[in-house]
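The values are calculated or read from the model by the stated rules, or taken from the named source; none is laboratory data. All values reported here derive from a predicted model rather than from experimental measurement. Positions of Cβ are backbone-derived with ideal geometry, glycine not excepted, and every protein chain shown enters the neighbour counts. All accessible areas refer to the heavy atoms of the entire protein, side chains included, with ligands and DNA or RNA removed. Shrake-Rupley method; radii C 1.70, N 1.55, O 1.52, S 1.80 Å.
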Amino acid sequence: MLEGKVAVVTGASRGIGKAIACKLASMGATVIINYNGSKDKAEEVKAEIEGMGGTCIAVACDVSDEDSVKACVAEVEKAFGRIDILVNNAGINIINEFSEFSTEDWDKVVNINLRGQFIMSREVCKLMKKQNYGKIINTASVGGYAGGASQIAYYASKGGVVNFTRALASELAPYHVTVNAIGPGVFDTEMTHDSLDGDFAKYLEGRVPLGRWGKDGELDGALIYFASDASSYCTGQTLYVDGGMVCVL
């Protein structure tokens with residue numbers, strides 16, 4: 001389905017990003033594993049993709065740093081000549097009550113979750129505009145739809161992602177570049193695992209109409225839709241994959 005396409009996935013060395021990279025590779029895309037942490041983990045993902053017959057490279061990049069992003073995009077362009085799909089997945093969360101939330105932590109979260117999507121999309125869209133084709137997929141969250149306590153920077157950044165998606169979709173539509181977002185509910189990943197325990201977690205799980213957290217593979221449908229030409233007439237949308245959470249928020 002995606003044979004001949006080149007896809008960049010940020011934050012692809014673990015969690016949802018890893019799952020996205022592997023799924024795109026299984027669909028025939030050449031995948032660039034962007035990481036800003038453990039090279040060993042990125043190489044493990046690379047080996048997994050190559051083990052199933054896929055093509056990929058791993059490229060270190062801090063999405064919040066302009067020079068790092070420009071170098072990453074230049075490396076991909078030199079290697080493959082194009083970028084057809086960009087998945088802005090890199091993200092972090094810091095939990096603390098608002099009165100104790102430091103400016104440093106605010107900046108760290110917003111710089112990766114929102115600024116990072118801005119910089120990466122800006123640099124990649126220059127190629128997509130020349131190609132007159134592209135798919136940009138942003139990772140939002142149910143936190144982009146409704147707020148909650150003790151995660152002020154995360155919720156603010158993900159709300160920004162939803163509107164960033166709408167604005168960019170409008171601007172890039174004349175170039176046949178679609179921009180959409182996936183809004184996951186709570187999935188058991190490295191970032192969320194420690195918080196999915198205890199009475200509060202059980203309370204939250206009870207508020208999910210489907211009665212459970214998300215499982216591996218349950219973002220695949222949204223990903224396939226937005227990454228393929230099945231979504232050629234869809235842009236500026238956020239698809240929540242959340243077990244129905246936003247229905248009751």
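Scanning the range 189-243 for residues that are modelled with pLDDT of 95 or more, outside any helix (DSSP H, G or I) and loosely packed, with under 15 Cβ neighbours inside 10 Å yields a count of 3. Comparison of GLU77, GLU43 shows that the only residue that is touching a helix residue (DSSP H, G or I) at 6+ places or on another chain (Cβ under 8 Å), open to solvent by 70 Å² or more (accessible area, probe 1.4 Å) and farther than 19 Å from ASN113 by Cβ is GLU77.
Residues that are at pLDDT 95 or above and over 28 Å from HIS176 (Cβ atoms) are absent from the range 70-91 altogether. Answer yes or no as to whether VAL179 is out of contact with any His (no Cβ under 9 Å at 6 or more places or on another chain), touching a residue at least 40 places away in the same chain (Cβ under 8 Å), open to solvent by 10 Å² or more (accessible area, probe 1.4 Å) and among the hydrophobic types (A, V, I, L, M, F, W, C). No, not satisfied.
Taking the condition on the phi > 0 side of the Ramachandran plot and modelled with pLDDT under 95, does GLY53 pass? No. Scanning the range 203-249 for residues that are among the aromatic types (Phe, Trp, Tyr) and more than 23 Å from LEU86 (Cα to Cα) gives TYR203, TRP213. Among the residues of the range 143-159, those that are of a type outside the set (Ser, Thr, Tyr), under 22 Å from ALA12 (Cβ atoms) and either in contact (Cβ under 8 Å) with a residue 40 or more places away in the chain or in contact with a strand residue (DSSP E or B) (Cβ under 8 Å, 6 or more places away or on another chain) (or both) comprise GLY144, LYS158.
Taking the range 1-102 and the strands (runs of 3 or more DSSP E) fully enclosed by it, the elements with 1 or more residues that are in contact with a strand residue (DSSP E or B) (Cβ under 8 Å, 6 or more places away or on another chain) and within 23 Å of SER232 (Cα to Cα) are at 6-9, 30-35, 85-88.
Selection of the range 154-171 for residues being small (Gly, Ala, Ser), closer than 24 Å to SER232 by Cβ and either under 15 Å from the mean Cα position of the chain (by Cα) or open to solvent by less than 30 Å² (accessible area, probe 1.4 Å) (or both) yields only ALA169. Regarding THR165, is this residue among the hydroxyl-bearing types (Ser, Thr, Tyr) and modelled with pLDDT under 95? Against the criterion (among the hydroxyl-bearing types (Ser, Thr, Tyr) and modelled with pLDDT under 95), THR165 does not qualify. Does the range 19-28 include one or more residues that are of a type in the set (D, E, K, R) and in contact (Cβ under 8 Å) with a residue 12 or more places away in the chain? Yes, the range 19-28 contains a residue that is of a type in the set (D, E, K, R) and in contact (Cβ under 8 Å) with a residue 12 or more places away in the chain.
Within the range 139-153, the residues that satisfy the criterion of being at pLDDT 95 or above and open to solvent by less than 30 Å² (accessible area, probe 1.4 Å) are THR139, ALA140, SER141, ALA153.
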